[in-house]
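The values are calculated or read from the model by the stated rules, or taken from the named source; none is laboratory data. Just so we're clear, the structure is a prediction, and the values are computed from it rather than from any experiment. Note that we place each Cβ from the backbone using ideal geometry, even for glycine, and neighbour counts take in every protein chain shown. Surface areas here come from the heavy atoms of the whole protein model, side chains and all, with no ligands, DNA or RNA. Shrake-Rupley method; radii C 1.70, N 1.55, O 1.52, S 1.80 Å.
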Amino acid sequence: MTKKENFLKGFIKENPLFVLLLGTCPALAITTSLENAFGMGIAFIFVLVMSNTIISLINSFKKLKELIQPVRIAVYIVIIASLVTIVEMIMQAYLPDLYNSLGVFISLITVNCIVLGRAEAYASQNTVSDSVIDGISMGLGYTLALIIISLIREFLGNGTITIWGDLQINLQGVFEFLHITPISFFTSSAGAFMVLGIVLAIMQAIKNSKDAKEKEAKKQEKEVK
Amino acid sequence: MSFNQIIFIIFSSMLLENVILSQFLGICSFLGVSKSRKSAVGMGLSVVAVIVLATTVTWLIYNYVLVLFDLVYLKTIVFILVIASLVQIIEIIIKKFVPSLYKSLGIYLPLITTNCAVLGVAIKASQNGLTFFNMLLYALGSGLGFLLIMFIFSFLREELEKRKVPKAMSGIPIALVVASILAIIFSRYVGIVKEDEGEKEKELPRTANVISMHLTPSDEYLDNIIRRMK
């Protein structure tokens, strides 16, 4: 796999949320505004890239690798938890509003399946530079997924798009034009499940049609032969 | 503490503030293990046990070690270590003394370490400064809520498997839509329990306070109803 392929895989082909279906808890809980999605994404990218780097570094030393082999999951969890603590402290100090709105979900990055999964499945078997690229790619892919869901939910549920702090795009005119009010269902918990379900269904439909086209192309090739 | 308050805490953590449907904790196992009724109940029961034990231990550590020595910022690391070792200890004990239980529940125990419901409830219970008894009730209610939703949802998913659904929706998407409908139903439980008027509870989690505000209908709402009846 080339470096470019490695970088691009996280966005669509192996998107952690839409394809691998990992990290669904924060994707449902904090996507009520775009600002939250950005904040979560940044925290997540930091933890993922750092944990991938550290774990691939540890595994590049043969003796150290053999030493931690029996307790490796525990070691990984402690490393990830320390990184999460760093993020938590920085956020609490410099971005207190965002820290309050993300709440417990910053701490819960520790048990996010994506971070531990990448550590075990990728970083422990690959070089440091590959692992860093993998971390950035997966982190950006996850952030992209969060942004898509939060855009849908915030626009339909509130009529606004909050980019950061007071920077807000007001789109309530669209609803006024249609003579309806924003549908608060989408900001509720039930709306979160519904939006994720529908987005996943769209992804599956696209994949199905692609598969069907490929099959037809193969059939035609056989007929030509 | 009155009996009313006990009922209020249990019901609000079990139904109103359900771990899965309104707090979005433990969605991974909710979607992953709910394919058959047997595994869903097995997972649910082990989560109830681990949540109650882990929350008790972490609450004690938080209040009597971390707060005293001003080490609150270490809570994430300490809590996850406590939960991981607790799960390991439970696994060893069950394996030694109740092998039959281990056979049916054993496979779910390692999964629980990375179940965010356990860590989430533990952090919420200690951060919100619940008293010991309230914390026990809160943990028990949350665990039972998890079990209840897993049980209901596994039934629904078993039925879904037999039905014809559009090709794009089959599998996880339709399960999420069903979960959404379930969440609508559960959000309607607001008002099923009424809090004691005498003392406003201070120990309950922040979200519970918000919900309890909605428990008593506002004057405007009552006026509207009276006007309509006239």
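Observations, loosely collected:
- Test: residue in the stretch A:170-187 that is charged (D, E, K, R), under 29 Å from B:Ser126 (Cβ atoms) and part of a helix (DSSP H, G or I): no
- In the stretch A:22-80, residue most open to solvent (accessible area, probe 1.4 Å) [restricted to those that are more than 28 Å from B:Ile172 (Cα to Cα), assigned to a helix (DSSP H, G or I) and among the aromatic types (Phe, Trp, Tyr)]: A:Phe46
- Condition met for B:Ser22 (within 14 Å of another protein chain (Cβ to nearest Cβ) and either more than 25 Å from A:Ile77 (Cα to Cα) or polar (S, T, N, Q) (or both)): yes
- Qualifying helices (runs of 4 or more DSSP H) (wholly inside the stretch B:83-189; at least 3 residues being away from chain A (no Cβ under 14 Å) and open to solvent by less than 50 Å² (accessible area, probe 1.4 Å)): B:132-162
- Taken over the stretch A:199-208, the criterion of being without any contact (Cβ under 8 Å) to a residue 60 or more places away in the chain and at the interface with chain B (Cβ under 7 Å from one of its Cβ atoms) is satisfied by A:Ala201, A:Gln204, A:Ala205, A:Asn208.
- Among residues of the stretch A:105-126 that are more than 13 Å from chain B (Cβ to nearest Cβ) and among the basic types (Lys, Arg), those with a beta-carbon under 8 Å from a residue that is buried (at least 20 other Cβ atoms within 10 Å of the Cβ) and part of a helix (DSSP H, G or I) at least six positions away or on a different chain give the pairs A:Arg118/A:Leu48; A:Arg118/A:Ser51; A:Arg118/A:Asn52; A:Arg118/A:Asp134; A:Arg118/A:Gly135; A:Arg118/A:Met138.
- Unmet criterion (only one of (1) at pLDDT below 85; (2) surrounded by fewer than 14 Cβ atoms within 10 Å (Cβ to Cβ); (3) charged (D, E, K, R)) for B:Glu201: (2)
- Qualifying residue in the stretch A:170-187 (condition: over 27 Å from B:Ile181 (Cβ atoms), touching a Ser or Thr at 6+ places or on another chain (Cβ under 9 Å) and surrounded by 14 or more Cβ atoms within 10 Å (Cβ to Cβ)): yes
Yes/no per residue for (1) more than 14 Å from every other protein chain (Cβ to nearest Cβ); (2) farther than 20 Å from A:Ile163 by Cα:
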| residue | (1), (2) |
| --- | --- |
| A:Leu48 | yes, yes |
| A:Asn59 | yes, yes |
| A:Lys65 | yes, yes |
| A:Pro70 | no, yes |
| A:Val75 | no, yes |
| A:Ile80 | no, yes |
| A:Met89 | no, yes |
| A:Pro96 | yes, no |
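- Residue tally, condition closer than 22 Å to B:Ile77 by Cα, open to solvent by less than 30 Å² (accessible area, probe 1.4 Å) and assigned to a helix (DSSP H, G or I), over the stretch A:119-134: 2
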